[in-house]
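Following: one structure in C-alpha coordinates, then a few remarks.
The values are calculated or read from the model by the stated rules, or taken from the named source; none is laboratory data. Please read these numbers as outputs of a predicted model, since none were measured by experiment. Cβ: placed from backbone, ideal geometry, glycine included. Neighbour counts: every protein chain shown. When the accessible area is computed, the model is the full protein with side chains, heavy atoms only, and any ligands, DNA or RNA have been set aside. Shrake-Rupley method; radii C 1.70, N 1.55, O 1.52, S 1.80 Å.
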Amino acid sequence: MWIYMEGVLQEILDNPVTEPLSPVESALQSHFVRRSLLLSPKKDVLVVKTSGKALVPTSSASHKTVKKRTKSLSDLRSVVSAGDTITQLSREVDSCTPEERAKLLEVISSQTGDFRVSISTKDALAMKTELNISWNKLRAMRRWLQMWKIDMSSESHMRVRANDLIGSNIHAEMVPLSFQHKDGGEVIKQAPIASIPHLWDRIVTVLEQNQSNGKLTWHNGVIPSEEIWIKLGGDKGGGTFKFCFQILNVAAPNSTDCTNVISLFEAADSLTNLRICLGQYIQQVADICTRIWSLVQVYSKQNAEQSSPFVMIT
(Lines give C-alpha, C1' and ligand atoms only; values in the text may rest on other atoms or scores of the structure.)
Protein backbone atom coordinates (compact mmCIF):
# COMPACT_ATOMS: atom_id res chain seq x y z
CA MET A 1 0.00 0.00 0.00
CA TRP A 2 2.73 2.44 0.95
CA ILE A 3 4.65 1.53 -2.19
CA TYR A 4 1.53 2.24 -4.23
CA MET A 5 0.95 5.63 -2.55
CA GLU A 6 4.57 6.59 -3.05
CA GLY A 7 4.21 5.69 -6.71
CA VAL A 8 1.09 7.86 -7.04
CA LEU A 9 2.78 10.75 -5.27
CA GLN A 10 5.84 10.48 -7.50
CA GLU A 11 3.59 10.37 -10.55
CA ILE A 12 1.91 13.59 -9.40
CA LEU A 13 5.24 15.30 -8.82
CA ASP A 14 6.46 14.21 -12.24
CA ASN A 15 3.52 15.81 -14.04
CA PRO A 16 4.49 18.83 -16.18
CA VAL A 17 3.81 22.20 -14.54
CA THR A 18 1.73 23.15 -17.57
CA GLU A 19 -0.68 20.24 -17.15
CA PRO A 20 -4.08 21.08 -15.58
CA LEU A 21 -4.69 19.77 -12.06
CA SER A 22 -6.66 16.57 -11.69
CA PRO A 23 -9.57 16.40 -9.20
CA VAL A 24 -7.29 14.63 -6.73
CA GLU A 25 -4.57 17.25 -7.15
CA SER A 26 -7.09 20.09 -6.71
CA ALA A 27 -8.36 18.53 -3.48
CA LEU A 28 -4.81 18.11 -2.19
CA GLN A 29 -3.95 21.68 -3.17
CA SER A 30 -6.95 23.10 -1.30
CA HIS A 31 -6.13 21.03 1.79
CA PHE A 32 -2.45 21.97 1.85
CA VAL A 33 -3.13 25.65 1.26
CA ARG A 34 -5.60 25.83 4.16
CA ARG A 35 -3.14 24.06 6.45
CA SER A 36 -0.27 26.31 5.39
CA LEU A 37 -2.34 29.47 5.91
CA LEU A 38 -3.31 28.39 9.41
CA LEU A 39 0.35 27.82 10.26
CA SER A 40 1.55 31.00 8.56
CA PRO A 41 2.51 33.99 10.80
CA LYS A 42 0.28 36.12 8.56
CA LYS A 43 -2.98 34.22 8.26
CA ASP A 44 -3.87 35.69 4.85
CA VAL A 45 -0.42 35.37 3.25
CA LEU A 46 1.12 32.12 2.07
CA VAL A 47 4.88 32.04 1.43
CA VAL A 48 6.07 29.11 -0.70
CA LYS A 49 9.71 28.12 -0.84
CA THR A 50 11.08 27.77 -4.37
CA SER A 51 14.44 27.01 -5.89
CA GLY A 52 14.77 30.58 -7.14
CA LYS A 53 16.94 33.35 -5.79
CA ALA A 54 16.15 35.15 -2.56
CA LEU A 55 13.83 38.13 -2.87
CA VAL A 56 15.45 41.54 -3.01
CA PRO A 57 13.76 44.86 -2.07
CA THR A 58 11.85 46.47 -4.93
CA SER A 59 14.08 49.55 -4.68
CA SER A 60 17.06 47.32 -5.54
CA ALA A 61 15.33 45.05 -8.07
CA SER A 62 15.68 45.31 -11.82
CA HIS A 63 13.13 47.12 -13.94
CA LYS A 64 11.88 43.81 -15.32
CA THR A 65 11.39 42.36 -11.84
CA VAL A 66 9.58 45.48 -10.60
CA LYS A 67 7.30 45.39 -13.61
CA LYS A 68 6.53 41.72 -12.97
CA ARG A 69 5.77 42.36 -9.28
CA THR A 70 3.54 45.29 -10.18
CA LYS A 71 1.59 43.11 -12.61
CA SER A 72 1.21 40.34 -9.99
CA LEU A 73 -0.10 42.77 -7.34
CA SER A 74 -2.45 44.37 -9.87
CA ASP A 75 -3.88 40.97 -10.80
CA LEU A 76 -4.26 40.04 -7.13
CA ARG A 77 -5.98 43.36 -6.37
CA SER A 78 -8.45 42.72 -9.18
CA VAL A 79 -9.29 39.28 -7.76
CA VAL A 80 -9.70 40.25 -4.09
CA SER A 81 -11.68 43.40 -4.97
CA ALA A 82 -13.99 41.58 -7.40
CA GLY A 83 -12.83 43.90 -10.17
CA ASP A 84 -13.22 47.17 -8.19
CA THR A 85 -9.51 47.94 -8.29
CA ILE A 86 -9.77 51.74 -7.99
CA THR A 87 -11.75 51.61 -4.74
CA GLN A 88 -9.43 48.94 -3.38
CA LEU A 89 -6.34 50.96 -4.25
CA SER A 90 -7.79 54.10 -2.64
CA ARG A 91 -8.48 52.12 0.55
CA GLU A 92 -4.88 50.93 0.58
CA VAL A 93 -3.66 54.52 0.34
CA ASP A 94 -6.09 55.56 3.10
CA SER A 95 -4.64 52.88 5.37
CA CYS A 96 -1.14 54.36 5.10
CA THR A 97 0.26 56.30 8.03
CA PRO A 98 1.00 60.03 7.54
CA GLU A 99 4.70 59.20 7.33
CA GLU A 100 4.06 56.57 4.67
CA ARG A 101 1.92 58.97 2.65
CA ALA A 102 4.61 61.64 2.77
CA LYS A 103 7.21 59.13 1.64
CA LEU A 104 4.89 57.87 -1.11
CA LEU A 105 4.40 61.41 -2.41
CA GLU A 106 8.15 61.94 -2.34
CA VAL A 107 8.82 58.74 -4.31
CA ILE A 108 6.11 59.54 -6.89
CA SER A 109 7.50 63.06 -7.32
CA SER A 110 11.00 61.71 -7.91
CA GLN A 111 9.72 59.25 -10.52
CA THR A 112 7.30 61.51 -12.40
CA GLY A 113 9.09 64.83 -12.09
CA ASP A 114 7.08 67.72 -10.66
CA PHE A 115 4.06 65.78 -9.38
CA ARG A 116 1.54 68.17 -7.85
CA VAL A 117 -2.04 68.20 -6.62
CA SER A 118 -4.29 71.09 -7.65
CA ILE A 119 -7.31 72.46 -5.77
CA SER A 120 -9.81 74.07 -8.14
CA THR A 121 -11.34 77.51 -7.63
CA LYS A 122 -14.70 76.00 -6.71
CA ASP A 123 -13.22 73.57 -4.15
CA ALA A 124 -10.90 76.20 -2.66
CA LEU A 125 -13.79 78.63 -2.20
CA ALA A 126 -15.91 75.88 -0.62
CA MET A 127 -13.04 75.07 1.77
CA LYS A 128 -12.66 78.73 2.77
CA THR A 129 -16.39 78.96 3.48
CA GLU A 130 -16.52 75.66 5.38
CA LEU A 131 -13.49 76.55 7.55
CA ASN A 132 -14.71 80.14 8.00
CA ILE A 133 -11.24 81.59 7.53
CA SER A 134 -10.17 85.04 6.33
CA TRP A 135 -8.31 85.79 3.11
CA ASN A 136 -5.13 86.40 5.14
CA LYS A 137 -5.32 82.95 6.71
CA LEU A 138 -6.07 81.44 3.31
CA ARG A 139 -2.89 82.99 1.92
CA ALA A 140 -0.90 81.42 4.77
CA MET A 141 -2.57 78.08 4.08
CA ARG A 142 -1.73 78.34 0.36
CA ARG A 143 1.97 78.92 1.14
CA TRP A 144 2.00 75.96 3.51
CA LEU A 145 0.27 73.65 1.00
CA GLN A 146 2.74 74.61 -1.71
CA MET A 147 5.54 73.12 0.39
CA TRP A 148 3.70 69.78 0.02
CA LYS A 149 3.28 70.27 -3.74
CA ILE A 150 -0.42 71.15 -3.42
CA ASP A 151 -1.48 74.10 -5.55
CA MET A 152 -4.58 76.15 -4.72
CA SER A 153 -6.48 78.41 -7.09
CA SER A 154 -5.34 82.04 -7.02
CA GLU A 155 -7.07 84.53 -4.74
CA SER A 156 -8.10 86.69 -7.68
CA HIS A 157 -9.91 83.78 -9.33
CA MET A 158 -11.58 82.90 -6.03
CA ARG A 159 -12.77 86.49 -5.50
CA VAL A 160 -14.22 86.64 -9.01
CA ARG A 161 -16.00 83.34 -8.44
CA ALA A 162 -17.31 84.53 -5.06
CA ASN A 163 -18.67 87.72 -6.63
CA ASP A 164 -20.40 85.66 -9.31
CA LEU A 165 -22.05 83.49 -6.66
CA ILE A 166 -23.01 86.32 -4.32
CA GLY A 167 -24.10 88.82 -6.96
CA SER A 168 -26.82 91.07 -5.54
CA ASN A 169 -27.81 88.54 -2.88
CA ILE A 170 -25.68 90.21 -0.19
CA HIS A 171 -25.38 93.94 0.43
CA ALA A 172 -22.48 95.41 2.43
CA GLU A 173 -21.91 99.01 3.47
CA MET A 174 -20.59 101.29 6.19
CA VAL A 175 -23.28 102.87 8.38
CA PRO A 176 -23.16 105.17 11.45
CA LEU A 177 -23.72 103.08 14.57
CA SER A 178 -23.74 103.81 18.28
CA PHE A 179 -20.83 102.76 20.52
CA GLN A 180 -20.16 103.18 24.23
CA HIS A 181 -17.50 105.79 24.95
CA LYS A 182 -14.79 104.80 27.40
CA ASP A 183 -15.63 107.86 29.53
CA GLY A 184 -19.36 107.10 29.42
CA GLY A 185 -22.07 108.15 27.04
CA GLU A 186 -22.35 107.24 23.40
CA VAL A 187 -20.32 107.99 20.32
CA ILE A 188 -21.36 107.53 16.67
CA LYS A 189 -18.85 105.80 14.39
CA GLN A 190 -18.93 104.20 10.97
CA ALA A 191 -19.17 100.40 11.15
CA PRO A 192 -19.63 97.64 8.56
CA ILE A 193 -22.91 95.81 8.05
CA ALA A 194 -23.70 92.95 5.66
CA SER A 195 -27.22 91.78 4.98
CA ILE A 196 -29.44 89.86 2.59
CA PRO A 197 -31.82 92.50 1.15
CA HIS A 198 -34.61 90.12 0.10
CA LEU A 199 -35.60 87.96 3.07
CA TRP A 200 -38.45 86.16 1.32
CA ASP A 201 -36.23 85.02 -1.57
CA ARG A 202 -33.73 83.56 0.89
CA ILE A 203 -36.45 81.75 2.82
CA VAL A 204 -37.82 80.22 -0.38
CA THR A 205 -34.33 79.06 -1.37
CA VAL A 206 -33.83 77.31 1.99
CA LEU A 207 -37.31 75.76 1.82
CA GLU A 208 -36.71 74.41 -1.66
CA GLN A 209 -33.33 72.96 -0.61
CA ASN A 210 -34.93 71.17 2.35
CA GLN A 211 -37.80 69.97 0.20
CA SER A 212 -35.52 68.55 -2.52
CA ASN A 213 -33.46 66.76 0.16
CA GLY A 214 -36.54 65.33 1.83
CA LYS A 215 -35.89 67.17 5.10
CA LEU A 216 -39.22 68.95 5.59
CA THR A 217 -41.33 67.59 8.45
CA TRP A 218 -44.46 68.62 10.31
CA HIS A 219 -43.34 66.89 13.53
CA ASN A 220 -46.22 64.40 13.67
CA GLY A 221 -48.92 67.06 13.67
CA VAL A 222 -47.27 69.58 16.01
CA ILE A 223 -47.16 71.95 13.02
CA PRO A 224 -50.39 72.05 10.97
CA SER A 225 -49.94 70.34 7.62
CA GLU A 226 -50.76 73.55 5.69
CA GLU A 227 -48.22 75.73 7.54
CA ILE A 228 -44.50 76.43 7.57
CA TRP A 229 -43.15 77.89 10.81
CA ILE A 230 -40.21 80.29 10.78
CA LYS A 231 -38.35 81.67 13.78
CA LEU A 232 -36.51 85.00 13.63
CA GLY A 233 -33.98 86.09 16.23
CA GLY A 234 -30.59 87.60 16.90
CA ASP A 235 -27.51 87.00 18.99
CA LYS A 236 -24.48 89.08 19.97
CA GLY A 237 -21.16 87.29 20.18
CA GLY A 238 -17.59 87.48 18.96
CA GLY A 239 -17.83 91.21 18.35
CA THR A 240 -20.75 90.98 15.92
CA PHE A 241 -24.52 90.84 16.10
CA LYS A 242 -26.18 88.25 13.87
CA PHE A 243 -29.82 88.34 12.82
CA CYS A 244 -30.99 84.88 11.74
CA PHE A 245 -33.98 82.79 10.77
CA GLN A 246 -34.69 79.08 11.25
CA ILE A 247 -37.14 76.83 9.43
CA LEU A 248 -38.93 74.87 12.17
CA ASN A 249 -40.24 72.27 9.73
CA VAL A 250 -37.00 70.27 9.94
CA ALA A 251 -35.79 67.60 12.35
CA ALA A 252 -33.35 69.82 14.28
CA PRO A 253 -34.40 73.45 13.65
CA ASN A 254 -32.15 74.91 16.38
CA SER A 255 -28.96 73.34 15.06
CA THR A 256 -26.17 75.46 13.60
CA ASP A 257 -26.68 73.94 10.15
CA CYS A 258 -30.32 75.08 10.15
CA THR A 259 -29.54 78.63 11.30
CA ASN A 260 -29.41 81.12 8.43
CA VAL A 261 -27.72 84.48 9.03
CA ILE A 262 -29.42 87.29 7.10
CA SER A 263 -27.75 90.33 8.68
CA LEU A 264 -24.52 90.95 10.58
CA PHE A 265 -22.94 94.11 11.97
CA GLU A 266 -19.95 94.92 14.18
CA ALA A 267 -21.50 96.85 17.04
CA ALA A 268 -23.47 96.40 20.24
CA ASP A 269 -27.08 95.20 20.04
CA SER A 270 -28.45 98.48 21.36
CA LEU A 271 -31.94 99.64 20.45
CA THR A 272 -30.51 102.37 18.23
CA ASN A 273 -28.29 99.97 16.30
CA LEU A 274 -31.05 97.39 15.93
CA ARG A 275 -33.40 99.99 14.47
CA ILE A 276 -30.75 101.18 12.01
CA CYS A 277 -29.61 97.71 10.87
CA LEU A 278 -32.82 95.71 11.03
CA GLY A 279 -35.35 98.36 10.09
CA GLN A 280 -35.37 97.09 6.51
CA TYR A 281 -36.93 93.81 7.65
CA ILE A 282 -39.93 95.20 9.60
CA GLN A 283 -42.23 95.45 6.58
CA GLN A 284 -40.69 92.34 4.97
CA VAL A 285 -41.56 90.21 8.02
CA ALA A 286 -45.11 91.57 8.01
CA ASP A 287 -45.46 90.69 4.32
CA ILE A 288 -44.01 87.20 4.82
CA CYS A 289 -46.76 86.34 7.31
CA THR A 290 -49.28 86.53 4.46
CA ARG A 291 -47.14 84.82 1.83
CA ILE A 292 -47.97 81.50 0.21
CA TRP A 293 -45.18 79.19 -0.86
CA SER A 294 -46.35 77.33 -3.97
CA LEU A 295 -45.45 73.67 -4.14
CA VAL A 296 -46.11 71.00 -6.70
CA GLN A 297 -47.33 68.72 -3.92
CA VAL A 298 -47.00 68.81 -0.16
CA TYR A 299 -48.21 65.82 1.83
CA SER A 300 -49.43 65.92 5.38
CA LYS A 301 -47.69 63.51 7.74
CA GLN A 302 -51.07 62.68 9.30
CA ASN A 303 -52.87 61.91 6.04
CA ALA A 304 -50.64 60.95 3.13
CA GLU A 305 -53.67 60.60 0.86
CA GLN A 306 -54.50 64.31 1.05
CA SER A 307 -52.27 66.90 -0.54
CA SER A 308 -52.13 70.68 -0.40
CA PRO A 309 -51.01 72.84 -3.36
CA PHE A 310 -49.66 75.52 -1.06
CA VAL A 311 -48.18 76.13 2.36
CA MET A 312 -48.83 79.34 4.26
CA ILE A 313 -45.91 80.93 6.06
CA THR A 314 -46.76 81.73 9.70
Handout entry: Top-ranked residue in the stretch 261-290 [being over 19 Å from Pro176 (Cβ atoms) and without any contact (Cβ under 8 Å) to a residue 24 or more places away in the chain; ranked as nearest to the chain's Cα centre (by Cα)]
Key = Val261
Completion exercise
Ala252 fails exactly one of (1) modelled with pLDDT of 90 or more; (2) surrounded by 14 or more Cβ atoms within 10 Å (Cβ to Cβ), namely (2)
Fill in the blank from the handout: Filtering the stretch 205-260 down to residues that are within 27 Å of Gln280 (Cβ to Cβ), over 29 Å from the mean Cα position of the chain (by Cα) and assigned to a loop (DSSP other than H, G, I, E, B) yields Trp229, Gly239
Handout entry: Matching residues in the stretch 1-39 - criterion: being modelled with pLDDT under 75 and hydroxyl-bearing (Ser, Thr, Tyr)
Key = Tyr4
Problem - Selection within the stretch 176-203 - surrounded by 14 or more Cβ atoms within 10 Å (Cβ to Cβ) and among the hydrophobic types (A, V, I, L, M, F, W, C) - result: Leu177, Phe179, Ala191, Ile193, Ala194, Ile196, Leu199, Trp200, Ile203
Practice task
Answer with yes or no whether Phe245 is in contact (Cβ under 8 Å) with a residue 40 or more places away in the chain and either loosely packed, with under 14 Cβ neighbours inside 10 Å or over 17 Å from Ser270 (Cβ atoms) (or both).
Solution key: yes
Practice task
Answer yes if at least one residue in the stretch 265-281 is among the β-branched types (Val, Ile, Thr), out of contact with any Asp or Glu (no Cβ under 8 Å at 6 or more places or on another chain) and within 30 Å of Gln211 (Cα to Cα), and no otherwise.
Solution key: no
Completion exercise
When (1) open to solvent by less than 80 Å² (accessible area, probe 1.4 Å); (2) of a type in the set (Asp, Glu); (3) under 27 Å from Thr256 (Cβ atoms) are applied to Glu130, the one that fails is (1)
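From the residues in the stretch 157-175 that are of a type in the set (A, V, I, L, M, F, W, C) and under 24 Å from Gly239 (Cβ atoms), which one is surrounded by the most Cβ atoms within 10 Å (Cβ to Cβ)? Don't jump to the end; show me each part of the working.
Within the stretch 157-175, the subset of a type in the set (A, V, I, L, M, F, W, C) is 158, 160, 162, 165-166, 170, 172, 174-175.
Filter again for under 24 Å from Gly239 (Cβ atoms), leaving 162, 166, 170, 172, 174-175.
Numbers: Ala162: 13, Ile166: 11, Ile170: 15, Ala172: 10, Met174: 10, Val175: 13.
If we take residues in the stretch 157-175 being of a type in the set (A, V, I, L, M, F, W, C) and under 24 Å from Gly239 (Cβ atoms), then Ile170 is surrounded by the most Cβ atoms within 10 Å (Cβ to Cβ).
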Handout entry: Tally of residues being open to solvent by less than 50 Å² (accessible area, probe 1.4 Å), at pLDDT 50 or above and within 11 Å of Glu227 (Cα to Cα) across the stretch 273-314
Key = 1
Problem - Test: residue in the stretch 88-102 that is without any contact (Cβ under 8 Å) to a residue 40 or more places away in the chain, farther than 30 Å from Asp164 by Cβ and β-branched (Val, Ile, Thr) - result: yes
